Every structure is written in C-alpha cells, then in structure tokens.
1. Can you compute the label reach from GLU170? Point 7 Å from Cα along the Cβ direction, backbone N cut-off under 20 Å, restricted to segment 130-160.
2. What ³J(HN,Hα) values, in whole Hz, does the Karplus curve 6.51 cos²θ - 1.76 cosθ + 1.60 give for segment 27-32 when θ = phi - 60°, with x put for Gly and Pro?
3. Report ³J(HN,Hα) in whole Hz for each residue of segment 157-167, in order, from the Karplus equation J = 6.51 cos²θ - 1.76 cosθ + 1.60 where θ = phi - 60°; Gly and Pro get x.
4. Along the Cα→Cβ direction, 7 angstrom out, place labels at LYS16 and ASP92. What is the inter-label distance in nm?
5. Using the alpha carbons of the chain, what is the convex hull volume per residue in cubic angstrom, as a whole number?
6. Taking 2.2 N^0.38 Å as the expected size of a compact globular protein, what ratio does the Cα radius of gyration of segment 89-206 give against it, to two decimals?
7. Are any of the pairs LYS15/LYS77; LYS171/LYS209; LYS150/LYS171; LYS103/LYS168 more than 23 Å apart by Cα-Cα distance, and if so, which?
8. Sum -39500 (n - 2.57) across every DSSP H segment of at least 4 residues in the chain, then divide by the residue count to get the 222 nm mean residue ellipticity, nearest 500.
Amino acid sequence: MIINIGENLSRLRLKKDLTQEQLAEVFGVSPQAISRWENNTAYPDITMLPGIAIYYNTTIDELVGMDEIRKNENIGKLHSDVHRLAGNNLLDEAIVLLKEGLKLYPNNSGLLLALASTPTQKSNKINDVTLIEEAISLTERALQGNLVMKSRTTATVNLLFLYLKLSKTEKANELIKSLPHIWESREIIMPELYDGDEYIEKLKESITKALVLLCGKINGLQSRKYAEAPSYLQLGVDFQINENIDEMLNLIGDFLKRVNYA
C-alpha cells in the first residue's frame, strides 16, 4: 500500500501559497522536517495528523491518500472481475461491469481501454461499425489520460487499426508518425545496459527477436487481413532463442529477392 501523504502535503501547502519555512513555524517543526514529509522520506508524527487536517480543512483519510488507495483497490478488483468474466466468455457481463465502473471513475484510462476492446472480442461484432466508432471514442479519451509509455504505445497502435477499419487512413498515418522509430525500441536499446560478453549476448537476442518478428510477418502474408491488428501486437513476438538462424536469414533473403528489393 503506497501512502501519498507527501504529495498531498505539498499540494495543500502550495494551495495556501506558503513556503516550507512558513509552514514549519505553523506546526512547530523544522523546515527540513517539512521537506522530508513532502519527499516521503519521513512522515509526521501520528499525533500531528488531526491538527494538520484541521489546518487544511480536510480529513485525515484525504491527507494520507486513503481515498486514492481505496480507488486503486476498487479498480484493481474490477479489472480482475472483468478478466475472469471475459475468460469465461461472459462478455456482456464484463461490459456491464466496465460501464458501471466508468460511472464511478469516468476518466480512468485503464477502464476506458478495457471497454474499448471487450465488445469486439465477439467474433460476430468485430466489424460492427457502431462498436468500432465507440471503441475509437473510448480509446481517444483514454489517451488523454495518464498512461505509462508502454500502455500509451499499445493503445495508439490499437487506435490506428480501428481507424483503418473505418478507412480513416489520414488519421492512422498521423498516429504512425507519433510512434517511436525502430532505433528507439526496447530491443535496440536493451544491449546498451551491458558490456563485454553480456553486450554481445543481448545483441544476439535483439537480432534474433527482430528476425523472428520479420519472418512471422513474411509467413503471415497469405493470411493477412487488411486493418486487422496482428496477434503479436497484443501478445508479443513468440521469441525462441533456438530458432534456426540460417532458415530465417534465407526466408528474409528470398522475400527481398522476390520483390526485387535486394
């Protein structure tokens, strides 16, 4: 359980337009103590909390961030329940649960993205224009929120394919331009954390993973469907270090020759 009392104390102090020195005088402590509170390296004595709450005209629960803690716990349980329902193919129930959750937390990006993806898991609904439009709206709202980089990138790519389903190629192209270049990817950067033999081993893994991905795309050409997101975007590349390197290199070489690119 993460207590955000430091962030809350800093926010409340700034709202009153007070310096740490001025607040230290109010509570009879040193400015260094205020600084440690706000940096979460130390906490106020428990006997001080009622007085601090009264001074800021708030509650102790709000002061220590209990509302946020309860919110995160509720959202976590909601996601778990939705995952369980979807796993049992009870998609309608999962959708109802997500919509109820969004009534309580209307701007939660995780819930928005979950609701955007759940209805189209039904095979007979995957190309339903109304559902796609709703999924686009939900995903766009989610991207306006606070998402970690990986979730933001995944949501952006999913939105790109939703645009393509409705032939919104200009919007899809704009999204592509917002994605990182290949040389900024995790696989390319990862070896830089190492040195010597470890660097060589990690570079080998990165190259092999790139080959697996490219060969997967080549092998999937015959079954590829336009505007359908490849499965590896959600699941990652099925990376096996023991893949036959020569076979993969030959496959890529043959493909390039076949399209007169080599």
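What follows is calculated from the coordinates using simple rules that are stated; it is not laboratory data. Bear in mind that the values here come from a model prediction, so they are computed numbers and not experimental data. Heads up, the Cβs are rebuilt from the backbone with ideal geometry, glycines too, and the neighbour counts pull from every protein chain shown.
1. 133, 136-137, 140, 159-160, by backbone N distance to the label point.
2. 9, x, 10, 7, x, 5
3. Rounded to whole hertz, the list is 5, 4, 5, 4, 6, 5, 4, 5, 4, 9, 6.
4. Modelled inter-label distance: 5.5 nm.
5. Output value, Cα hull per residue: 213 Å³.
6. For segment 89-206, the normalised Cα radius of gyration is 1.33.
7. LYS15/LYS77; LYS171/LYS209; LYS103/LYS168
8. -20000 deg cm²/dmol
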